[in-house]
1. For GLU206, only one of the following conditions fails: (1) over 13 Å from the mean Cα position of the chain (by Cα); (2) surrounded by fewer than 23 Cβ atoms within 10 Å (Cβ to Cβ). What is its number?
2. Restricting the search to region 68-87, which residues are open to solvent by 70 Å² or more (accessible area, probe 1.4 Å) and in a helix (DSSP H, G or I)?
3. Name the residue that is most open to solvent (accessible area, probe 1.4 Å), counting only residues in region 56-67 that are outside any loop (DSSP other than H, G, I, E, B) and closer than 17 Å to LYS179 by Cα.
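The values are calculated or read from the model by the stated rules, or taken from the named source; none is laboratory data. Model, not experiment: these values are computed from the prediction. Note that we place each Cβ from the backbone using ideal geometry, even for glycine, and neighbour counts take in every protein chain shown. Ligands, DNA and RNA are stripped out before the accessible areas are found, and what is left, the full protein with its side chains, is counted by its heavy atoms. Shrake-Rupley method; radii C 1.70, N 1.55, O 1.52, S 1.80 Å.
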Amino acid sequence: MKIFKSIILSTLILATSPVVCAAIASQEIKEERVVSRAYNFNDFATYLGMTPKDYFKFSGAYATDNASSVLPDFIDIQTHPAYVKARDLQLSGLSVPDSLILQIESIFAKNQELFADYMQMDMPELLRKQDKFEKLTLVLNGLDVNLNQPTEKSSAGGVNNIDEVERIVMTAHENSIRKTSSGSYTSLTVMIYDFGMELKNGLGGEGRVDFHTSSGYYGSQYWVVDRFRAYPTGNIFCDPEMCSFNPH
């Protein structure tokens, strides 16, 4: 969904502050010795006090282009008439009426309620998790800026470069593929995350996941993987050159 879902569910503003205000491990973190990409999905889940499954749900909701069918039906803030009107007034140099601001704030509040229900959390707990997650992203992205070079990771067998499109090849049962491609958390999600973090010389990014079953090619899907999350950006599709193997 290429929309702003709410203030806290829009793309995070990444700071470059070198100050570490939230440690992930129990020991003190020294900036000059940290290779921040060493931290992974499970570390972040532990830091936020979540299971990997819940962390996957939580972090994925922040991605504006997450095409998962299991996400809540967040209100499309960017195209909502109240937001559009307020934006146009601001661009024209005019003040935004308080009544319009209150209307927009109520939309943000509704999205927060949807998010809390999705995570099965009460609002105070959700706000605490959001605060810790935002501090986490600020700190680690700040550390990245101060690293001289990105950490290069050797390519694993599951990652291929074909026609300049980096691909991840997964072989699994059809039911697992269906769940994973819908955006549900499965063991394949973890594998996509692990292989995906090897894209772009260890920076992660968008790659194509080619799903296979024991019968052959099943279909493909584009995923985005970064240090904090992994999610599909569209539906599964069949490569025209290989569609004869697809059961659908």
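1. Only one criterion is unmet by GLU206, namely (1).
2. Initially, region 68-87 is screened for residues open to solvent by 70 Å² or more (accessible area, probe 1.4 Å), giving 69, 73, 79, 81, 85, 87.
Selection gives PRO81, LYS85, ARG87.
3. First, the residues of region 56-67 that are outside any loop (DSSP other than H, G, I, E, B): 56-60.
From what's left, closer than 17 Å to LYS179 by Cα: 56-57, 60.
Values: PHE56: 14, LYS57: 47, GLY60: 3 Å².
Taking the candidates together, the pick is LYS57.
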